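The values are calculated or read from the model by the stated rules, or taken from the named source; none is laboratory data. None of the values given here were measured: they were computed from a predicted structure. So basically every Cβ, Gly included, is an ideal-geometry build from the backbone, and we count neighbours across all protein chains shown. Protein only, heavy atoms only, side chains kept; ligands, DNA and RNA dropped before computing areas. Shrake-Rupley method; radii C 1.70, N 1.55, O 1.52, S 1.80 Å.
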Amino acid sequence: MALHKGPEKSDERPLSVNPFYGEADPVGGMVEAPPKHRLPDGPTPPSTAYQLVHDELMLDGNSRLNLATFVTTWMEPQAGILMAECRDKNMIDKDEYPRTAELERRCVAMLADLWNAPDPSAAVGCSTTGSSEACMLAGMAMKRRWAQRAGDRYPGARPNLVMGVNVQVCWDKFCNFWEVEARLIPMEGDRFHLDPQAAAELCDENTIGVVGILGSTFDGSYEPIAELCAALDALQERTGLDIPVHVDGASGAMIAPFLDEDLVWDFRLPRVTSINTSGHKYGLVYPGVGWALWRDKEALPEELVFRVNYLGGDMPTFALNFSRPGAQVVAQYYTLLRLGRAGFRAVQQTTRDVARGIADRVEALGDFRLLTRGDELPVFAFTTAPGVDAYDVFDVSRRLRESGWLVPAYTFPPNREDLSVLRVVCRNGFSEDLADMFVEDLSRLLPELRSQSGPRTRDKSAATGFHH
């Protein structure tokens, strides 16, 4: 979650309350308007409190038009009803809510089977609040296994983690919080993610693992997981170093099994010890739920698993959080049960088709150059074409916002800081009709943008957020 601080200036003007918010008497609820930054002295009628919060939230962007986020913004009404029925259940209290715990167990079993675990019944896993927590847990397991192997060299030796510079920020957080050296492979030319051979060359006896991304947030491309494992196999043959691979499949782990069945990236590769995904991304569930799975019990050190019994029964748990709602886990089981393999394949194929269609139409406008085409993740990135000097991607992002579209513009990391792009994320619920509207709005802006004397965005770092 973002860190927040108090108001930068004294602003104790109370919230404005419409007299009609009084339930019976229009002035009955107007004795005292509530303050903004301190607790009111007394209660506020529920209808008044609701309307105050509701009205302020109208200034948020429309989530369905947010082409920056990977997070699910639409579910069926039945899923919403189930979530409302489970909002008071504490997911961690498995003894009191055994059926919710059973649905979590079934989801883990389904994912172990989907990701081709050698023995799905032997795979271990858990739900999390999202992929960020799942990645932290996977990183902790890798570090602990390395510490066991390092023996008397640890804690004197400093562990390191090898990954592409395109990884999601949660991996930077992991390395910072758990004091692990991040060894990053920069982008080069038209390669916008990890290079397998470069990854192997960065490994040494203190490497806890290598992270492969199945679906980069920068451009939607898959990293070559099989080639990465092959490079590490060759490294082991030369040096004896046995380096595990974790697959961050935040998005792609719920795309590739249905649309790219011949792509080998999962537990079929013996070097892959753990995989995570975001149930609230292409798992098609509202935020926040993620999943972390390990190949077998040996991949998750037992000493990291805590057992507590004060909630009514012996309960093994591996999590950074403790109390959290069970609603999202129930919604994940509902979605897996509701769609099955054929349903997921249809939904994800439709989303990919929409992404490919928009990409082709954006390219046909002539002002833009595609970096990716939406044929892996249903995501594509594009930049201005050579010779387009009147405006840049930041101008496009700013102008699209005027029509309600949230499209991130951002600069790539080392060694491609010279490249600034726009990225479009297509999700379930972003229909062909909405795609038509998006392309029409973009087309309508182009004459004005072409007439500019030059790009108008001065502070590009503040122009837009790069949203994962």
Check: How much accessible area does residue 88 have with a 1.4 Å probe, in Å² rounded to the nearest 10?
Finding: 120
Checklist line | Prolate/oblate/rounded label for the chain (Cα gyration tensor, a/c 1.5) | finding: oblate
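Relative contact order for segment 354-460: what is it in percent, counting Cα pairs under 8 Å that are at least 6 residues apart?
29
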Notebook entry, point to check: Got a sec? What order do 391, 286 fall in by accessible area at 1.4 Å, biggest, i.e. largest, first?
Noted result: 286, 391
Note to self: Please give the charge dipole size of the chain, origin at the Cα centre, charges +1 on K and R Cβ atoms and -1 on D and E Cβ atoms. Round to the nearest 20 debye.
What the structure shows: 280
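Count the net charge of all other residues whose Cβ sits under 13 Å from the Cβ of residue 53, scoring Lys and Arg as +1 and Asp and Glu as -1. Write down the numbers at each step before the final one.
Values: positive: 36; negative: 55, 56, 60.
Net local charge, residue 53 excluded: -2.
Rounded if a/c is under 1.5, else prolate if a/b is larger than b/c, else oblate: which is segment 190-326, with a ≥ b ≥ c the root eigenvalues of its Cα gyration tensor? Write down the numbers at each step before the final one.
Working: a/c = 2.40, a/b = 1.35, b/c = 1.78.
Oblate, since a/c reaches 1.5 and b/c is not below a/b.
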Notebook entry, point to check: Ignoring ligands, DNA and RNA, what percent of the 1.4 Å accessible area of segment 331-449 is carbon and sulfur?
Noted result: 50
Notebook entry, point to check: Cα-Cα over 23 Å: which of 143/297; 173/281; 94/297; 5/281; 143/173?
Noted result: 5/281
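With a cap of 16 neighbouring Cβ atoms within 10 Å, and only residues DSSP puts in a loop, list the chymotrypsin sites (Phe, Trp or Tyr not before Pro) found in segment 29-91. All intermediate terms of the calculation are to be shown ahead of the outcome.
Details: sites: 50, 70, 74; in loops: 70, 74.
Loop-located and lightly packed - 74.
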Next item on the list: Set Lys and Arg Cβ to +1 and Asp and Glu Cβ to -1, take the dipole of the chain about its Cα centre, and tell me which of 305, 210, 84 lies farthest positive.
Entry: 305
